[in-house]
Amino acid sequence: MDWRRYGLLAFTVFMVAVPFLPVPDYWITKLNYIGLFGLVSLGLVLLTGIGGLTSFGQAAFAGLGAYASAYLSVKLGISPWIGLLAGLAITLVVALVLGWITLRMSGHYLPLATIAWSLALFYTMGNLDALGKYDGLLGVPAINLFGISLQEERRIYLLIWLVAIAAAIAVTRLLDSRPGRVMRALNVNRGGGSTMPEAMGASAFRHKLLMFLIAALLAAISGWLFAHMQRSVNPSPFGIKFGIEYLFMAVLGGVGHVWGAFTGAALVKLAEDQLQTWLPALLGTSGSYEIIVFGVVLVLVLKFAPDGLWPSIERLLPARRRAHVTGTTGSAPAESLPARDKPAMGSTLLEVKNARRTFGGLVAVNGVGFAIRAGEIFGLIGPNGAGKSTTFNLISGLLPLSGGEVWLRGERVDGKGSREIARRGLSRTFQHVKLVPDMTVLENVALGTYLRTRSGTLAAMLRLDRAEEARALAEAERQLRRVGLGEHIHELAGNLALGQQRLVEIARALASDPALLLLDEPAAGLRHREKQALAEVLRQLKAEGLSLLLVEHDMDFVMNLTDRILVMEFGTPLLEGTPAEIQASEKVRAAYLGTEH
């Protein structure tokens, strides 16, 4: 039994039934505001909790949706439904421009930029004569739905909560999808970042912009509902104060959890009303003392419950039942994902010519050149600081060359980013493991199927991507079983030992069906038997025609596995040859042991 599905159904039925029950109008009004505020906070869950992008400007986007519909309805007599479309269109354009500019910022610059545009939009609304300046627009008509006026709060309540629940379901579905996995991998505060998704072929900026746009549109819908419920608009509810309050709601409820948005909105709205009554009576003077209380509460939440209150509530509920994955062991395996054309055995796959990389006055790589043929394992070794990982990053596009050329499958790829190089058949692991710790092992590996799948954001929200999603998860399961982690597919990646995490990275790289696989110290952290099992996996990959470039410090592992080896020293090539030739070289022994040549 999937309690979450039935629980959501029961919650929806209950919320729809509320206005038909003898519930006081006071509580209907409160629930309306909770639904509206929760809708804006839901966008912040996606933007801030999932994407790690802090925004104080969501109230301004709510104002765009409210004012656009109010103006068209009051001044031009246009239907509120047309006003909704106009508000969404205006918000989309404004958010696209603002996102294109500000999402390239990092650190504290992004929050500061959101404060700046929030203030700019707020004062624009308050100074335009056409919008009534700070008095706003009065006489905003009620929404009509199938000929029924939603003027009464009990009627518009149904629309507010149906929209809110539908939005929560849509965001939940989005996060459990191809683009959702990329979004969840971007949050630096949760162990993610842009490097790994880009190496898997996904555009980090595009997905950040998608989250920004969705959050802005959710705020605009909330503003539209607010305007036609209040029957008037003015700039006050759309200023920076409310932008901060929305963020507070999301953090309090659980900024990384969909239902945390509504939990936080309910707690803040109900507490605010009570505090506005109790505190002046207690202190004997009027004032906005509730803001002080909220500030103290926020500090305590960030200190003792940084994930918010929803995770504590969720722990009281039955554990989530994991969906069955139809993979290599299923009775009806999913159809395979598209496979890449394999290069002819023995043909030149990768060619590095006189690669050079400088960092200011430091020359990290100088004059490195080698070629890898299809179907061989090529080793790159050298003492610490020899420039091996830098060379790796130059080949994969993570770093640009200062000089030289890199050719992949007959096409020059230096100067292209890691995303474009990944599209041409190169996949890699990282020296420092890059997994998303609060995603399952299966989800982490499914990130590797990004370039082999096509479903987008709208398809995910409408659940039109399930067939392709099943194929992606089946491929991820197959690769996990291939590296010996089939029993760990539903564990959180952050709970695995380091050696197992390295195997997850290899499985993720294999899920992209690469023509060339770059492994950066894959045996680090593995026990002897695990190394033997990994070596067998890599030999099998070679037998299947896959080419590998391997950086490793374990000499026994390298010598027993590779066909040819390039030794580097101080960023320059020292010797290239077979494992036997490398082992016999006095120059190599000198480089490692520090003896005279």
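The values are calculated or read from the model by the stated rules, or taken from the named source; none is laboratory data. What you see is a predicted model, and the numbers here were worked out from it, not measured in a lab. Cβ sites come from the backbone with ideal geometry, for glycine too, and all protein chains shown count toward neighbours.
If you check 499, 448 for being assigned to a helix (DSSP H, G or I) and closer than 26 Å to residue 209 by Cα, only one passes: 448.
When the stretch 395-433 is filtered for residues that are under 11 Å from residue 196 (Cα atoms), β-branched (Val, Ile, Thr) and touching a strand residue (DSSP E or B) at 6+ places or on another chain (Cβ under 9 Å), only 429 remains. One residue stands out among those in the stretch 306-323 that are assigned to a loop (DSSP other than H, G, I, E, B) and either modelled with pLDDT of 70 or more or hydroxyl-bearing (Ser, Thr, Tyr) (or both): the one that is farthest from residue 5 (Cα to Cα), which is 306. When 485, 510 are checked against the criterion of being closer than 19 Å to residue 198 by Cβ and surrounded by 20 or more Cβ atoms within 10 Å (Cβ to Cβ), a single residue qualifies: 510.
Based on this model, can you work out whether residue 147 counts as at pLDDT below 95, more than 23 Å from the chain's Cα centre (by Cα) and surrounded by 19 or more Cβ atoms within 10 Å (Cβ to Cβ)? I'd like the intermediate steps shown before the answer.
Working: at pLDDT below 95: yes; more than 23 Å from the chain's Cα centre (by Cα): yes; surrounded by 19 or more Cβ atoms within 10 Å (Cβ to Cβ): no.
So residue 147 fails the test.
Just so you know, in the stretch 402-417 the residues that are among the charged types (D, E, K, R) and part of a strand (DSSP E or B) include one that is nearest to residue 360 (Cα to Cα), and it is 405. Residue count for the stretch 14-54 satisfying the condition of being within 25 Å of residue 171 (Cβ to Cβ) and outside any helix (DSSP H, G or I): 4.
Mind telling me which of the residues 29, 48 ends up being among the β-branched types (Val, Ile, Thr), surrounded by fewer than 24 Cβ atoms within 10 Å (Cβ to Cβ) and in the same structural domain as residue 101 (by TED's automatic domain parsing)? Exactly one of 29, 48 is among the β-branched types (Val, Ile, Thr), surrounded by fewer than 24 Cβ atoms within 10 Å (Cβ to Cβ) and in the same structural domain as residue 101 (by TED's automatic domain parsing), namely 29. Only one of the numbered conditions (1) at pLDDT 90 or above; (2) in contact with a Lys or Arg (Cβ under 8 Å, 6 or more places away or on another chain); (3) on the phi > 0 side of the Ramachandran plot; (4) surrounded by fewer than 22 Cβ atoms within 10 Å (Cβ to Cβ) is not met by residue 376, and that is (3). Filtered by the rule that a residue be surrounded by fewer than 23 Cβ atoms within 10 Å (Cβ to Cβ) and hydroxyl-bearing (Ser, Thr, Tyr), the stretch 158-196 gives 172, 194, 195. Return yes when residue 391 is outside any loop (DSSP other than H, G, I, E, B) and buried (at least 23 other Cβ atoms within 10 Å of the Cβ) and no when it is not. Yes: the conditions hold for residue 391.
Quick one: is residue 70 in contact with a strand residue (DSSP E or B) (Cβ under 6 Å, 6 or more places away or on another chain) and buried (at least 17 other Cβ atoms within 10 Å of the Cβ)? So residue 70 passes the test. Taking residues in the stretch 465-476 that are outside any helix (DSSP H, G or I), and partners anywhere that are buried (at least 22 other Cβ atoms within 10 Å of the Cβ), the pairs with Cβ atoms closer than 8 Å and at least 6 places apart or on different chains are 465/177; 465/178.
Of the residues 201, 243, 223, which single one is assigned to a helix (DSSP H, G or I), outside the structural domain of residue 458 (by TED's automatic domain parsing), closer than 27 Å to residue 187 by Cα and of a type in the set (Gly, Ala, Ser)? Even if it seems obvious, please write down each step before you answer.
Values: 201 fails: assigned to a helix (DSSP H, G or I); 223 fails: closer than 27 Å to residue 187 by Cα.
After ruling out the rest, the residue left standing is 243.
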